[in-house]
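Structure first, then comments.
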Amino acid sequence: MNRLAEYAIRRNERGLGVPLDYLRTVARTSTAAFVKFGLFAPVAAHRSRAPTPLWHLARLAATREQDCGTCLQTVVNAARAHGVPAATLRAALADDTAALTDDERLALDYGRAVAARTPEADALVGAVRVRWGEAVLVELALGVATVQVFPVLKRGLGEATACALVQIRLDSGE
């Protein structure tokens, strides 16, 4: 199983563009825990109704509440891979909300407020529900909740990396 785990980890590292050494620790110490954690991945990636940029912005905001290193880079890389414009991500990371659309601001504010448990979270939950409906609210809530597992797990294992400058890869033409 160790070779299979290493293969899976390396494949995910290539796809995400960041090292996943914390998963090696899990796999090395408990194959069962590694397999079970792998079953969590589809929940963390679930999105079918939420507009792609909004889902990624909510996750980005939630991740920023927990991490400023490789987990945040992972969210940025995934957003770019799913076509979220670099300018949108730059604005979100710089808290330049004037450069975002109303919908993008709402998704970003929602993710931040829910993850940080701020007083305005309830109002933002209501605003998301009114604007996009219950199905999108569920997907944003799952995205915000699950994205926080990774940095918390890394900190719990003593494998969180120091703050790092997030890089936004550009496609040609941007």
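The values are calculated or read from the model by the stated rules, or taken from the named source; none is laboratory data. Keep in mind that this is a model prediction, so the values were computed, not measured. Ideal geometry is used to build each Cβ from the backbone, glycine not excepted, and the neighbour counts take in all protein chains shown. Accessible surface is based on the protein model in full, side chains and every heavy atom, while ligands, DNA and RNA are left aside. Shrake-Rupley method; radii C 1.70, N 1.55, O 1.52, S 1.80 Å.
Comparison of T63, T70, T88 shows that the only residue that is in contact with a Cys (Cβ under 9 Å, 6 or more places away or on another chain) and not aromatic (F, W, Y) is T63. Candidates are the residues of the range 65-119 that are among the hydroxyl-bearing types (S, T, Y) and over 25 Å from R11 (Cα atoms); the one that is most open to solvent (accessible area, probe 1.4 Å) is T101.
Condition check: over 21 Å from V152 (Cβ atoms), modelled with pLDDT of 95 or more, exposed (fewer than 14 other Cβ atoms within 10 Å of the Cβ) and out of contact with any Pro (no Cβ under 7 Å at 6 or more places or on another chain). Does R49 satisfy that?
On the way: over 21 Å from V152 (Cβ atoms): yes; modelled with pLDDT of 95 or more: yes; exposed (fewer than 14 other Cβ atoms within 10 Å of the Cβ): no; out of contact with any Pro (no Cβ under 7 Å at 6 or more places or on another chain): yes.
The answer is no for R49.
May I ask you to verify whether W55 is over 22 Å from V18 (Cβ atoms) and either acidic (D, E) or in contact (Cβ under 8 Å) with a residue 12 or more places away in the chain (or both)? It is false that W55 is over 22 Å from V18 (Cβ atoms) and either acidic (D, E) or in contact (Cβ under 8 Å) with a residue 12 or more places away in the chain (or both).
Residues that are open to solvent by less than 30 Å² (accessible area, probe 1.4 Å) and touching a Phe, Trp or Tyr at 6+ places or on another chain (Cβ under 9 Å) within the range 138-152 comprise E139, L140, G143, V144, T146, listed in sequence order. Taking the condition within 25 Å of Y22 (Cα to Cα), touching a helix residue (DSSP H, G or I) at 6+ places or on another chain (Cβ under 6 Å), open to solvent by 70 Å² or more (accessible area, probe 1.4 Å) and at pLDDT below 95, does R169 pass? For R169, the condition - within 25 Å of Y22 (Cα to Cα), touching a helix residue (DSSP H, G or I) at 6+ places or on another chain (Cβ under 6 Å), open to solvent by 70 Å² or more (accessible area, probe 1.4 Å) and at pLDDT below 95 - is met. For D122, the conditions (1) open to solvent by 40 Å² or more (accessible area, probe 1.4 Å); (2) in a helix (DSSP H, G or I); (3) closer than 23 Å to R28 by Cα all hold with the exception of (3).
How many residues does the range 74-118 hold that are in a loop (DSSP other than H, G, I, E, B) and within 17 Å of A62 (Cβ to Cβ)?
Applying the first criterion (in a loop (DSSP other than H, G, I, E, B)) to the range 74-118 yields 82-85, 94-96, 100-101, 117-118.
Narrowing the set further to residues that are within 17 Å of A62 (Cβ to Cβ) leaves 82, 84, 95, 100, 117-118.
So the answer is 6.
In the range 17-36, the residues that are within 22 Å of V75 (Cβ to Cβ) and open to solvent by 40 Å² or more (accessible area, probe 1.4 Å) never reach a residue that is polar (S, T, N, Q) and modelled with pLDDT of 95 or more with C-beta atoms less than 8 angstrom apart, at least six apart or across chains. The set of residues in the range 1-16 being without any contact (Cβ under 8 Å) to a residue 24 or more places away in the chain and in contact with a Leu (Cβ under 9 Å, 6 or more places away or on another chain) consists of I9, R10, N12, E13.
L60 passes every criterion in (1) crowded, with 22+ Cβ neighbours inside 10 Å; (2) touching a residue at least 60 places away in the same chain (Cβ under 8 Å) apart from (2).
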